[in-house]
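Any read-out appearing in this document is the output of simple, stated calculations on the displayed coordinates, not a laboratory observation. It should be emphasised that the depicted structure is a prediction, and the values quoted were computed from it without experimental measurement. Reconstructed Cβ throughout: ideal geometry from the backbone, glycine too, with neighbour counts over all protein chains shown.
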Amino acid sequence: MAVAQEIPEKDLQGSELIMVHINPEVTTHLVFSENIQTVDFSTDRLVGEMATTNVLKLKPLPEDSLGNEQLGVLTVICESYMAQFLLFPTQPKLAAKNLLIGRKEGIDLIVPNVSIARPELEQIGMKVMNTKPKYHIVKAQEYKFEARLNNIYTVGNYFFVDVSLFNKTNIKYDIDQIRFKIEDKKIQKATNFQQVELQPEFALFNTKSFKRKYRNVFVFEKFTFPNQKVFSIEVSENQISGRTVNLRVDYSDVLNADTL
């Protein structure tokens, strides 16, 4: 299996352009540390396509494989940085095959809608997973199925909500959905009951079923709510039996979120 190589220091042109040699007989893979948002070719002498959300494949057209004339500039914008490449033709044996592009090779961007890039969310989420639970009494149980709040951390403009599920039966639990809501703490009348659904910006895992234990970290943009409401985490089963549990988190618990 081919391994992506880091950019050699000699191929870094100042702080902006990265020199890459390509050939039509060799597919060059640019492997980015973040998801690619946009790609711009300054020339029609290149062909390229997305292999995955963070890998770009490219080649020059066959007629542009000779000589040492510059082929053009390639610009790739990721979640938190931009990288630009100066492309040159070369012999097949000298063409780049797999290049790893990280934030240090690019130019940092200030993106209003992205405070923390996805790789960093994953790293922080794993760090949260490795911490011991602190909210031992915030839990709910129905039909031998328990939901428990482990931790809430705040990082930048985000809440990291760490949740565990415990299945105390011999029947595997298939998750239908996990819903997050701000809702009234006390239900006076059903017609007056109010709730607002929240969508997580990121989930550490995409686990859909488990036998005994489940743990995940959900990331939300920071939110607040009045003391007469609660933050509700509702887990429902994808079965006819439909075991459901609703974990309700008081505002005081959210206020006690630690800084990671």
>> Using a Förster radius of 25 Å, what is the FRET efficiency between Lys222 and Lys104 based on their Cβ-Cβ separation? Nearest 0.05, please.
In response: 0.30
>> Show me, for segment 244-252, the HN-Hα J-couplings you get by feeding each phi into the Karplus relation (A = 6.51, B = -1.76, C = 1.60, θ = phi - 60°), rounded to Hz, glycine and proline as x.
In response: 10, 9, 10, 8, 10, 10, 5, 4, 4
> Based on the Cβ-Cβ distance of Leu255 and Tyr143, what FRET efficiency does E = 1/(1 + (r/R0)^6) give at R0 = 45 Å, to the nearest 0.05?
Replying inline: 0.90
> Can you give the translational diffusion coefficient of segment 122-259 in µm²/s, computed by Stokes-Einstein from the Kirkwood radius over Cα pairs at 10 °C and 1.306 mPa s?
Replying inline: 102
> Which of the lysines could a cross-linker bridge to Lys93, judged by Cα under 29 Å and excluding same-chain residues fewer than eight apart?
Replying inline: Lys10, Lys57, Lys59, Lys104
> Which values, in whole Å and largest first, are the semi-axes of the equivalent ellipsoid of the chain obtained as the square root of 5 times each eigenvalue of the Cα gyration tensor?
Replying inline: 49, 20, 16
> If you line up the long axis of helix 118-129 against the longest principal axis of the chain, both from Cα atoms, how many degrees apart are they, to the nearest 10?
Replying inline: 40
>> Under the 0.36 nm per residue contour assumption, what length would be gained going from the current alpha-carbon distance of Phe210 and Ser42 to full extension?
In response: 55.6 nm
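So if each residue of separation counts as 0.36 nm, and I subtract the Cα-Cα distance between Thr53 and Ala203, what length gain in nm does that give? Could the numbers behind the result be given before it?
Details: separation 150, 0.36 × 150 = 54.00 nm, distance 1.73 nm.
Taking 0.36 nm per residue and subtracting the Cα distance, the gain is 52.3 nm.
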>> Among Ala95, Ala147, Ala83, which one shows the highest mean-square fluctuation when the chain is modelled as a Gaussian network with alpha-carbon springs under 10 Å?
In response: Ala95
> Between Ile116, Leu17, Leu247, whose Cα lies farthest towards the positive end of the dipole of the chain when Lys and Arg beta carbons carry +1 and Asp and Glu beta carbons carry -1, centred on the Cα centre?
Replying inline: Leu247
> With +1 on each Lys and Arg Cβ and -1 on each Asp and Glu Cβ, how big is the dipole of the chain about its Cα centre, in debye rounded to the nearest 20?
Replying inline: 1760
